[in-house]
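Below you'll find the structure, written out as structure tokens, and then a few comments.
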Number of protein chains: 2
Amino acid sequence: MPKYKAVLEYDGTDYHGWQLQKDLPTVQGAIESVLARILGVPTRVHGAGRTDAGVHARGQTAHFLADWRHGPEKLLRACNALLPPDISVRGLHETCEDFHARHSARSKTYVYSIMNREISSPLHRLYTWHVPHALDAALMQEAANHLPGRHDFAAFGSPTDGTPSTVRAMIEARIESCASDMLVFTITGTGFLRYMVRSLVGTLVEVGKGKMRPSDFLCVLRSGDRSKAGPTAPARGLCLHSVHYESYPRRTR
Amino acid sequence: MPKYKAVLEYDGTDYHGWQLQKDLPTVQGAIESVLARILGVPTRVHGAGRTDAGVHARGQTAHFLADWRHGPEKLLRACNALLPPDISVRGLHETCEDFHARHSARSKTYVYSIMNREISSPLHRLYTWHVPHALDAALMQEAANHLPGRHDFAAFGSPTDGTPSTVRAMIEARIESCASDMLVFTITGTGFLRYMVRSLVGTLVEVGKGKMRPSDFLCVLRSGDRSKAGPTAPARGLCLHSVHYESYPRRTR
């Protein structure tokens, strides 16, 4: 059966995460139910990453098998017509038989947004973490400079199913100021542990507040001890920005 | 009694606009009820502009009288502790007796955001108007160049109470591209008619689509005929960005 690759954007506020759960609204559940209505058969959707409850995505990627004869453009339109407004299919095309949204992914980029001002922001509250204490972005970047490379990230998260190892490789980690009161943390890696980005952000914020030095951040990383890391930053600031693949040839029939 | 000036940010999604309405949630109602709890007496709040249902504000300005002996900083904290997360007081200070949030305002700036891409955006849906047809921003700016100056805007809105005149003076009107798929219309004027910004945006979008030329836009403006204007753009894309005053001395007691 033909295989399709879909790029998805969603507002995770009202979902219990990506992964299917009995009796709870999840993004995977919403998409599978729409595909079942369109295709007339139960359809399993495989996502590149299992975003947690409340986490957003700008470019989650998924694959599914479908017997559909009207072209991917019409399937995309049908999905978006039936999906709720907090989920969109941004792109859809037929892909190779051996493509797998999770296994074929070379790297992923997550973006974490912090509203750094004294008063909370009603207009950004759903998509940022409000940190009222002044943060030193330069110190946070100095700490984040320890992230690129291959490390055991046991201090920052738990293994995902399938691989007991907590070693992951990061490619880039940067802190940027955006407008006068927003700090944006962007991290790209070949794989991530559960809660890893939120735990990294929680710890970087301790550095930004001056409660921890950038060298202490390195010690936490080396310790492999989760009790040494900062608090886990809230889900709403996190967004799965994009999933990167080697270019797979698009199949056109 | 001392007079206070407050700068407010709010997400208008769940409110029936600024102005107090019986049995309906409004921003003014939410703030008055919080002030009544803090001050122990009913307190009337006067806003600079009556934002319509669903319209947001980053810098609505309001004034009220209060007998409060603990300083504006503590009053601000008390308000924010009691207000719901979709309304914040961003600034609060004591002002002159003759300050009036609406009458003393010299000008206001509104920002209207358009998500201009084929697929709607779950992450921007609450704060933008989704226009799937490609828009020509340069043509829209050419049309918007007719706005600065003093004109009769009867084609774009109805008079607000108190002044039957539909003549208003615009200071600046610009269209900017923001990221790859966002168009932002910013307009500053000394006063606005009801629905005026949304009606201007609806008409500018007709120009952007190529359905109307920039010179037609000028004809609509000159006609004073609302039936010639484009549709009224949805409330959710509009934000009262800021209200500008001549500098009033802050009173410190």
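The values are calculated or read from the model by the stated rules, or taken from the named source; none is laboratory data. What you see is a predicted model, and the numbers here were worked out from it, not measured in a lab. Don't worry about glycine lacking a Cβ; one is built from the backbone with ideal geometry, like all the others, and counts go over all protein chains shown. Side chains included, ligands, DNA and RNA excluded: accessible areas come from the protein's heavy atoms. Shrake-Rupley method; radii C 1.70, N 1.55, O 1.52, S 1.80 Å.
Between A:G49 and A:T61, the built amide H atoms are under 5 Å apart, and every one of these is 5 or more places off in sequence or on another chain.
Between the stretch B:1-45 and the stretch B:135-162, the C-alpha centres lie 31 angstrom from each other. Placing R0 at 22 angstrom, the Cβ-Cβ distance between B:T190 and B:N145 gives a FRET efficiency of 0.75 after rounding to 0.05.
Only Cα pairs under 8 Å and 6+ residues apart enter the sum, and on that basis the relative contact order of chain A stands at 24 percent.
Looking at the stretch A:1-90, the trypsin sites (Lys or Arg not before Pro) that sit in a DSSP loop and have at most 13 other Cβ atoms within 10 Å of their own Cβ are A:K22, A:R44, A:R69. Within straight-line reach of B:K5, meaning a Cα separation under 20 Å, sit the following lysines at least 8 residues removed in sequence or on another chain: B:K74, B:K108. Over the residues of chain A, the helix contribution to mean residue ellipticity at 222 nm works out to -6500 deg cm²/dmol, using -39500 (n - 2.57) for each DSSP H run of at least 4. Reported value for chain A: 133 Å³ per residue, from the convex hull of its C-alpha atoms. Along the axis of the charge dipole computed for the stretch A:106-241 (Cβ charges of +1 for Lys and Arg, -1 for Asp and Glu, origin at the Cα centre), the listed residues A:M182, A:V111, A:G210 are led at the positive end by A:V111. Only one residue of B:I38, B:A138, B:M196 has its Cα farthest out toward the positive end of the dipole of chain B, where Lys and Arg carry +1 and Asp and Glu -1 on Cβ, and that residue is B:I38. A cut-off of 5 Å between modelled amide H atoms, ignoring neighbours fewer than 5 places along the same chain, links A:Y245 with A:R106. The radius of gyration of the Cα set in the protein assembly as shown, together with its Dmax, comes out at 25.6, 78 angstrom.
Computed with every protein chain present, the accessible area of A:Y110 is close to 20 Å² [probe 1.4 Å].
Placing +1 on the Cβ of every Lys and Arg and -1 on the Cβ of every Asp and Glu, with nothing else charged, gives the protein assembly as shown a dipole about its Cα centre of roughly 60 debye.
Residues of the stretch A:107-142 with an amide N closer than 18 Å to a point placed 7 Å from the Cα of A:S165 along the Cα-to-Cβ direction: A:107-108. Annotation: amide H-H contacts under 5 Å for B:H93 (H modelled 1.01 Å from N, sequence separation of 5 or more, or interchain): B:K5.
Annotation for the stretch B:88-162: GluC sites (Glu not before Pro) lying in DSSP loop with at most 10 further Cβ atoms inside 10 Å of their Cβ are B:E97.
Against chain A, whose longest principal axis comes from its Cα atoms, helix A:27-39 is set at around 10 degrees. Applying 1/(1 + (r/R0)^6) with r as the Cβ-Cβ distance of B:L39 and A:R106 and R0 = 45 angstrom yields a FRET efficiency of 0.15. Based on C-alpha pairs under 8 angstrom that are at least 6 apart in sequence, the stretch A:106-241 has a relative contact order of 35 percent. What FRET efficiency, computed as 1/(1 + (r/R0)^6) with R0 = 60 Å and r the Cβ-Cβ distance, is obtained for B:S227 and A:A179, rounded to the nearest 0.05? Efficiency for this residue pair is about 0.90.
For the stretch A:9-26, backbone phi angles converted through the Karplus equation (6.51, -1.76, 1.60; θ = phi - 60°) give residue-by-residue couplings of 10, 8, 9, x, 3, 9, 10, 7, x, 6, 5, 3, 9, 5, 6, 10, x, 10 Hz, Gly and Pro being listed as x. For the stretch A:3-103, pairs of C-alpha atoms spaced more than 20 angstrom apart make up 29 percent of the total. For chain A, give the percent of accessible area contributed by carbon and sulfur heavy atoms, probe 1.4 Å, rounded to a whole number. Here carbon and sulfur together make up 51 percent of the probe-accessible area. Report note on the peptides B:195-208, B:154-167: ranked by the mean count of other C-beta atoms within 10 Å, highest first, their order is B:195-208, B:154-167.
For the stretch B:89-219, a Kirkwood hydrodynamic radius built from all Cα pairs, placed in the Stokes-Einstein relation at 37 °C and 0.692 mPa s, yields a translational diffusion coefficient of 204 µm²/s. For the stretch B:3-103, the relative contact order comes to 41 percent (Cα pairs under 8 Å, sequence separation of at least 6).
Burial of accessible area (probe 1.4 Å, heavy atoms of protein chains only) in the stretch A:119-161, relative to its chain alone, reaches at least 50 Å² for A:I119, A:P122, A:L123, A:R125, A:Y127.
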